[in-house]
Amino acid sequence: MEKLWAGRFTKELDKIAFGFNSSIDVDSRMYRQDITGSMVHAEMLSKQGIISPVELKEILDGLSSILEDIESGKLEISSDAEDIHSFVETELTSRIGNSGKKLHTARSRNDQVAVDLRLYLRDEAEKVISLIDALLLAICSQAERNRDTIMPGYTHLQRAQPISFAHHILAYAMMLTRDKDRIKDAVKRMNVSPLGSCALSGTTYNTDREYTAKNLGFDDYCKNSIDGVSDRDFCVELLSALSIIMTHLSRLSEEIILWSSWEFKFVELDDSYTTGSSIMPQKKNPDMAELVRGKTGRVYGNLMSTLTMLKGIPLAYNKDMQEDKESIFDSFDTVKVCLQVTAPMIETMTVLKENTLAAAKRGFINATDLADYLTKKGMPFREAYKLTGQIVRHCIENSLVLDNMELDEYKKFSNMFEEDLYEEIELATCVKKRISQGGTGPESVDNQIKFIKENLK
Ligand code: ARG
């Protein structure tokens, strides 16, 4: 295939250098965006009198037929082309002849690739948001099924205070809801058209950038042509948002892995999201959750490589920038598949309520409530805290728990203790009485579910 830039050269590009230079295997997935961008560009050229209406019609028909043939599998995107832009242009010219050669008037691959990428990522961002919504629904359904499931809440992975399973899992829903906002924010800044920036300095043709921007669904066109072809901060922003999503998915995965262990046994994953062992017949491994945790590294890596790729290149376009696509495509692919597998894994997971309750019964997790009991009867909190600590120590030394120590024993520590203390430190009471806004109490849990559902697309 003749190179777009063949005129200036007397020799063919070395074979290895050609493969090294070409990006078609990575960017061929942007064929639809490339064709759409070209169509709108051609319409603008015709509207401005730069090409004739007949030429426009030939170009539009040619581009439509290419699109159709790619989608039906009739036309294979060949690796002989350097990238998707040269592939489409060369194919167009071979189909319609001279008019095809006019398409690239007042345009460069530099603004073309920047447009294609923004259009492509805009769609990818939408898909990620929908997938997050599906996961949010799965989390809400678990929360609804586990409003009254008591489990230990932890700090330092030490049992701390009783909470409901719903409250715990909804924390992830809040994080994921912010993740959606981050993606939407990034899209807002990305949705500005670089088309018409041309190679770097604009063009001598009387183009209409507002027209192309509007017809490609952009909110505006970028006001500096050098910036238009040089910046990839929209990639960095999306890569950051994707990295944060992976941080959240990875933490959730880690908990599922821990909870699936015999040591915890808080949850049982559905068979369809676990695997067995080739040698140990008893095994049921949480591979999906482990892979999500494991794939987090590559998404962080893509963010780092893009930041590093950009940091030293002078304005405007440099070939280094071709590396942007491999990184961001991989991050989107990875995040999408992780969300796709996590949502049904959460939806189908069984929470083992007796086990979470049994775990909550050990570890003196109602000690704060005992201290609060005394405080509500008038003892200053610091004093109540200290006294409760002494009671806990007494219990440990005498193999007791707070719930089964006799009232007489309690009275030796303070006269304020009455029969009603047992009701007060009952785990179910501890959870129900946490009525503060955003706490683990049932009303707050209901509010949280409502909040998440209202934020779905
Ligand atoms: N394949 C190139 C990329 O992805 C397209 C832009 C080429 N521009 C150029 N001046 N060589 O960045």
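A compact table of results
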{"read-out": "Residue count, the stretch 1-17 (criterion: more than 13 Å from the ligand (Cβ to nearest atom) and over 24 Å from S99 (Cα atoms))", "value": "8"}
{"read-out": "Candidate set from the stretch 90-101 (those that are among the charged types (D, E, K, R) and surrounded by fewer than 21 Cβ atoms within 10 Å (Cβ to Cβ)); member that is farthest from the ligand (Cβ to nearest atom)", "value": "R95"}
{"read-out": "Some residue of the stretch 319-330 being within 14 Å of the chain's Cα centre (by Cα), surrounded by 13 or more Cβ atoms within 10 Å (Cβ to Cβ), within 16 Å of the ligand (Cβ to nearest atom) and of a type outside the set (V, I, T)", "value": "yes"}
{"read-out": "Filter result for the condition that a residue is open to solvent by 50 Å² or more (accessible area, probe 1.4 Å), away from the ligand (no atom under 16 Å from the Cβ), more than 33 Å from the chain's Cα centre (by Cα) and within 30 Å of L252 (Cβ to Cβ), over Q340, Q282", "value": "Q282"}
{"read-out": "Residue within the stretch 252-271 that is farther than 30 Å from A171 by Cα, surrounded by fewer than 22 Cβ atoms within 10 Å (Cβ to Cβ) and not aromatic (F, W, Y) present", "value": "no"}
{"read-out": "Filter pass, V351 being within 25 Å of T177 (Cβ to Cβ), in contact with a helix residue (DSSP H, G or I) (Cβ under 7 Å, 6 or more places away or on another chain) and open to solvent by less than 60 Å² (accessible area, probe 1.4 Å)", "value": "yes"}
{"read-out": "N110, sole failed condition from (1) within 16 Å of the ligand (Cβ to nearest atom); (2) under 28 Å from C338 (Cα atoms)", "value": "(2)"}
{"read-out": "Total residues in the stretch 66-90, condition farther than 22 Å from R109 by Cβ and among the hydroxyl-bearing types (S, T, Y)", "value": "1"}
{"read-out": "Residue list for the stretch 174-204, restricted to those being crowded, with 19+ Cβ neighbours inside 10 Å and on the phi > 0 side of the Ramachandran plot", "value": "G196, C198"}
{"read-out": "Options S52, S79, S65; residue that is more than 22 Å from R118 (Cβ to Cβ), touching a residue at least 24 places away in the same chain (Cβ under 8 Å) and out of contact with any Lys or Arg (no Cβ under 8 Å at 6 or more places or on another chain)", "value": "S79"}
{"read-out": "Residue match in the stretch 351-371 (condition: more than 16 Å from the ligand (Cβ to nearest atom), modelled with pLDDT of 95 or more and of a type in the set (K, R))", "value": "yes"}
{"read-out": "Test: residue in the stretch 19-33 that is surrounded by fewer than 18 Cβ atoms within 10 Å (Cβ to Cβ), modelled with pLDDT under 95 and within 16 Å of the ligand (Cβ to nearest atom)", "value": "yes"}
{"read-out": "Selection from the stretch 297-331 of residues that are acidic (D, E) and either under 15 Å from N110 (Cα atoms) or touching a Phe, Trp or Tyr at 6+ places or on another chain (Cβ under 7 Å) (or both)", "value": "D320, E323, D324"}
{"read-out": "Filtered residues of the stretch 205-224 (kept if among the small types (G, A, S) and either open to solvent by 30 Å² or more (accessible area, probe 1.4 Å) or in contact (Cβ under 8 Å) with a residue 60 or more places away in the chain (or both))", "value": "G217"}
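Residue-by-condition table, conditions (1) within 16 Å of the ligand (Cβ to nearest atom); (2) β-branched (V, I, T); (3) open to solvent by 60 Å² or more (accessible area, probe 1.4 Å):
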residue	(1), (2), (3)
L119	yes, no, no
E124	no, no, no
A143	no, no, no
R159	no, no, yes
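Every residue, every condition in (1) crowded, with 23+ Cβ neighbours inside 10 Å; (2) part of a helix (DSSP H, G or I); (3) away from the ligand (no atom under 14 Å from the Cβ), yes or no:
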residue: V54; (1), (2), (3): no, yes, yes
residue: I70; (1), (2), (3): no, yes, yes
residue: S78; (1), (2), (3): no, no, yes
residue: H85; (1), (2), (3): yes, yes, no
residue: V88; (1), (2), (3): yes, yes, no
residue: A114; (1), (2), (3): yes, yes, no
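The values are calculated or read from the model by the stated rules, or taken from the named source; none is laboratory data. Not measured: the values here are computed from a predicted model. All Cβ positions, even for glycine, are placed from backbone atoms using ideal geometry, and neighbour counts span all protein chains on display. Protein only, heavy atoms only, side chains kept; ligands, DNA and RNA dropped before computing areas. Shrake-Rupley method; radii C 1.70, N 1.55, O 1.52, S 1.80 Å.
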